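The values are calculated or read from the model by the stated rules, or taken from the named source; none is laboratory data. Just so you know, these numbers come straight off a predicted model, no measurement behind them. Please note: Cβ atoms are built from the backbone with ideal geometry, for glycine as well, and neighbour counts cover all protein chains shown. SASA here: full protein model, heavy atoms, side chains in, ligands and nucleic acids out. Shrake-Rupley method; radii C 1.70, N 1.55, O 1.52, S 1.80 Å.
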Amino acid sequence: MLNELLFKFATWLDGFQSSTNLHEALYAYGWVEGTHVLTLTLFLGMLLAIDLRLLGVAFKELPASTLIERLDRPMMIGFVVMLISGALLFYAIPVRSTQSIWFRVKVVFIIAAGVNALLIRNMTRASDMSWDNDPVPPKRIRVGAALSLGLWILVVASGRNMAYDWWDCHKEMPYFMYWAAGCVNEMAAFE
Amino acid sequence: MDIVFIFEWLDASWLSDLARTSAGLFSMVQAVHILSMIMLCGMLILGDLRMLNVVLTGVPSDVILQNTKKWIYIGLVGIILSGIYESSAIAMKLATNSFFWAKMAGLAMGIVFMLSVRSAVYSRAPEVIASTGPKSDAVDAWVVKLVALANLFIWFSVAANGRWIGFS
């Protein structure tokens, strides 16, 4: 059901001439992808600094709240531009992206990283930042920071793997893989 | 000096065979390359934005620069090692690729600039930027900001040229 809906949505997007134009424009597509990677660097660079502090392995001389509060703006600027450029990349190749198992995995990891970030924020607020000046924060905060780094590493790795066609719909795969990738036509042929 | 022989040697090496035949390993190394770039450039951006007084203003710049140093070096080692592995798969193609040479020139310039000019100028940043107390040998604030912008530009060109290798 969800696979059919996503496929219809992707096919609808694919019908726009601007989608095809963006995909086929050598420089425009390259610039959008370049912007995506560069703003990923800004976003994850700031997040890395915060997470290393929360892990207690760097910036230990600074209160954790100083890094969290004052790196928030550049981090969010990077995130928003990354999100917009990512949406444009999706718009340029909607059907293949929707049917990419790596893209789906990437989205799941992004959602997990978002939930983890919310949990860390709630934990820090609930603790009144009583450990703010401690070189090594409490264990639950360190676990959250490690999870954050781990999830974003997986986001980057799965995003990179989208370039490969190992599990594209035109390949011969078990039914489960067709389902996981959302290959609706191949699934119908199976039945 | 003709250095094509280096690419010919790399192209014929066991590393090249491994890179061409192990797609799974190759994709993992590609991810390591991007993650190393994020670590290297992310920490450089943090230090440069601090010296531009854009982020963490008032926080002693020494603390930021000292803490970013280790991660910059780890990132640098990561991009070089993973880059050599990636290059081995298409060594002969890269030997004549303009974007590859632009990236290599930027990388060499970036490393030299970071270790010499950036390091020397940042250690002599005036109080208005560094927040570490007055220094007798402080340089003008505009010099520090110019170095920060130059460093950002150099590493931006390295990352951008690296991305364009894939399109050429």
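A few points about this structure:
- Relative contact order for chain B: 30 percent, from Cα pairs under 8 Å spaced at least 6 residues apart, divided by residue count.
- For residues of B:123-130, the mean tally of beta carbons on other chains within 10 Å: 0
- Spin-label pair A:MET76-B:PHE167: with each label point 7 Å from Cα along the Cα-Cβ axis, the two points sit 3.1 nm from one another.
- Between B and A, accessible area buried - total, square angstrom, nearest 100, 1.4 angstrom probe: 2900
- DSSP H segments from chain A that extend 27 Å or more along their own axis, Cα-based, with Kyte-Doolittle mean of 0.0 or above: A:26-55, A:72-92, A:101-126, A:139-161
- Mean per-residue shielding of peptide A:65-73 is 2, counting Cβ atoms of other chains within 10 Å of each Cβ.
- Amide hydrogen neighbours beyond the local backbone of B:SER13, cut-off 5 Å, H modeled: none
- Net dipole in debye of the protein assembly as shown [+1 Lys, Arg Cβ; -1 Asp, Glu Cβ; about Cα centre; nearest 20]: 780
- Among the protein heavy atoms of the stretch A:51-109, carbon and sulfur supply 73% of the accessible surface, probe 1.4 Å, non-protein parts ignored.
- For chain A, a simple Cβ point-charge model (Lys and Arg +1, Asp and Glu -1, everything else neutral) yields a dipole of about 580 debye relative to the Cα centre.
- Area of A:SER127 that stays accessible when all protein chains are in place (1.4 Å probe, Å², to 10): 20
- Counts of other chain beta carbons within 10 angstrom of each beta carbon in peptide B:148-159 average 1.
- Only helices enter the 222 nm calculation for chain B: every DSSP H run of n ≥ 4 contributes -39,500 (n - 2.57), and dividing by all residues gives -24500 deg cm²/dmol, rounded to 500.
- Loop-located chymotrypsin sites (Phe, Trp or Tyr not before Pro) in the stretch A:119-191 whose Cβ has at most 13 other Cβ within 10 Å (DSSP): A:TRP166
- Kyte-Doolittle mean at least -0.5, axial Cα span of 24 Å or more - DSSP H helices of chain B: B:23-51, B:61-89, B:141-165
- Percent carbon-and-sulfur accessible area, chain B, ignoring ligands, DNA and RNA, probe 1.4 Å: 71
- In the full protein context, chain A carries 53 Å² of accessible surface per residue, based on a 1.4 Å probe and ignoring ligands, DNA and RNA.
- Estimated translational D of the stretch B:35-168 in µm²/s (Stokes, Kirkwood radius over Cα pairs; 10 °C; 1.306 mPa s): 101
- Charge dipole (Cα centre; +1 on Lys/Arg Cβ, -1 on Asp/Glu Cβ; no other charges) of chain B amounts to roughly 300 debye.
- Inverse of mean 1/r across different Cα pairs in chain A, Kirkwood, Å: 18.6
- Chain A: relative contact order in percent, alpha carbon pairs under 8 Å with at least 6 residues between: 29
- Surface composition of the stretch A:129-189: carbon plus sulfur atoms contribute 62% of the solvent-accessible area (1.4 Å probe, protein chains only, all chains present).
- For the peptides B:146-152, B:96-102, the ranking by mean Cβ contacts within 10 Å, running from highest to lowest, is B:146-152, B:96-102.
- Expected 222 nm ellipticity per residue - DSSP helices of 4 or more, -39500 (n - 2.57), all of chain A, to 500: -25000 deg cm²/dmol
- Net charge of Cβ neighbours under 9 Å - reference B:GLY47; Lys, Arg +1; Asp, Glu -1: +2
- Relative contact order [Cα under 8 Å, 6+ residues apart], the stretch B:90-141, whole percent: 23
- Local electrostatic count, A:TYR91, Cβ distance below 15 Å [Lys/Arg +1, Asp/Glu -1]: -2
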